[in-house]
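The values are calculated or read from the model by the stated rules, or taken from the named source; none is laboratory data. For clarity, every value in this text was computed on a predicted model and none was experimentally measured. Neighbour counts run over all protein chains shown; Cβ positions are idealised from the backbone, glycine included. The area values use the complete protein model at the heavy-atom level, side chains included, leaving out ligands, DNA and RNA. Shrake-Rupley method; radii C 1.70, N 1.55, O 1.52, S 1.80 Å.
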Amino acid sequence: MERNQEEDIDWGERYRQDPLNVNKSVKDFLVKNAHEGLALPLTVYERCSVTSGQCVYYHYCCDGQDDRGWGCGYRTVQTMCSWINNVSHCGKSRPPPSLHEIQQALVTVGDKPASFLGSKEWIGTCEAALVLDQMYDVPCRLVHVRSGATELEQAAQDLHLHFLTHGSPVMMGGDRDNSSKCILGVCTGKEGSYLLIMDPHYYGSVLDKEFLQKNSWVAWRRVQSLDLSSFYNLCLPQT
């Protein structure tokens with residue numbers, strides 16, 4: 001989603017000019033539980049399941065590092081880590097890692113070569129699972145949806161069970177649809193399911209829940225509106 005020039009703030013430039021101030025601002029104003037208050041997509045539904053606990057909306061350049069075009073997976077991982085850090089009974093308690101720390105974790109476990117550090121290489125659900133295991137002692141279940149056209153609705157049922165038993169945000173990505181998504185809920189009715197998606201691709205100034213919801217950075221999306229020609233992978237933290 002594009003925004004006008006006046007609304008776009010170059011966080012990277014602001015960080016270079018005053019790094020201590022921008023770090024404080026980002027820490028203080030990142031949006032928590034951006035989905036709260038959002039209306040359900042169906043007035044009549046069979047089942048609706050949403051993440052429990054608190055998570056923080058991480059998005060492009062929110063910490064001063066310009067990761068547009070490659071960092072969406074990292075930002076989704078940070079959101080998942082924020083949830084784990086706020087749940088006292090699961091995993092290690094530590095703040096969400098920086099992009100560099102995520103890359104370092106993947107090098108440490110042997111998944112990536114040393115040249116990966118400082119690169120702009122994407123990460124997906126498999127890497128997310130390794131990071132959560134390495135940094136938080138939280139194992140993950142990986143679900144492969146071979147065909148969006150035929151298996152996404154079944155995956156929605158898996159998500160219902162996940163949110164009921166574990167409650168944690170889920171990372172979703174694919175091949176043709178390779179944009180990382182953070183899944184915070186699922187709602188199913190007679191005509192199919194909707195996913196509550198928090199999109200990490202936002203770039204701009206400090207914002208609030210109302211802005212995110214109004215501009216669909218966090219929104220319910222019907223499963224059938226996704227790219228049905230794509231396969232998808234889901235990373236479900238087993239908290």
For the stretch 111-152, listing GluC sites (Glu not before Pro) in a DSSP loop whose Cβ sees at most 13 other Cβ atoms within 10 Å gives E121
Per-q log10 I(q)/I(0), the chain, q = 0.18 Å⁻¹ (Debye; single scatterer per alpha-carbon; no solvent): -1.49
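Tell me, which longest segment in the chain has none of the trypsin sites (Lys or Arg not before Pro) that fall in DSSP loops with at most 16 further Cβ atoms within 10 Å?
4-67
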Rounding to the nearest 20 debye, state how big the charge dipole of the chain is about its Cα centre with +1 on each Lys and Arg Cβ and -1 on each Asp and Glu Cβ. 420
Amide H contacts under 5 Å for S180, placed H, 5+ residues apart: G73
Could you work out how far the C-alpha centroid of the stretch 34-65 sits from that of the stretch 184-231, in angstrom? 8
Compute the angle between helix 99-108 and the longest alpha-carbon principal axis of the chain, please, reported from 0 to 90 degrees and rounded to the nearest 10. 80
From the mean inverse distance of alpha carbon pairs (Kirkwood) and the Cα radius of gyration, derive Rg over Rh for the stretch 146-223. 0.99
A chain fully extended from E46 to K120 at 0.36 nm per residue, minus the present Cα-Cα distance, gains in nm 22.4 nm
Label the stretch 76-187 by shape, choosing from rounded, prolate and oblate, from the square roots a ≥ b ≥ c of the eigenvalues of the Cα gyration tensor; if a/c is under 1.5 it is rounded, and otherwise prolate applies when a/b is larger than b/c, oblate when it is not. oblate
Angle check, please: helix 125-136 long axis (alpha carbons) against the longest principal axis of the chain (alpha carbons), in degrees 0 to 90, nearest 10. 60
Whole number in Å², please: accessible area per residue of the chain, 1.4 Å probe, ligands, DNA and RNA not counted. 48
Which ³J(HN,Hα) values in Hz, rounded to whole numbers, follow from the phi angles of the stretch 42-50 under the Karplus curve 6.51 cos²θ - 1.76 cosθ + 1.60, where θ = phi - 60° and Gly and Pro get x? 10, 7, 10, 9, 8, 7, 9, 10, 9
Helix 72-85 versus the longest principal axis of the chain: what angle, 0 to 90°, nearest 10, using Cα atoms? 80
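Taking only C-alpha pairs under 8 Å that are 6+ residues apart, what is the relative contact order of the chain in percent?
28
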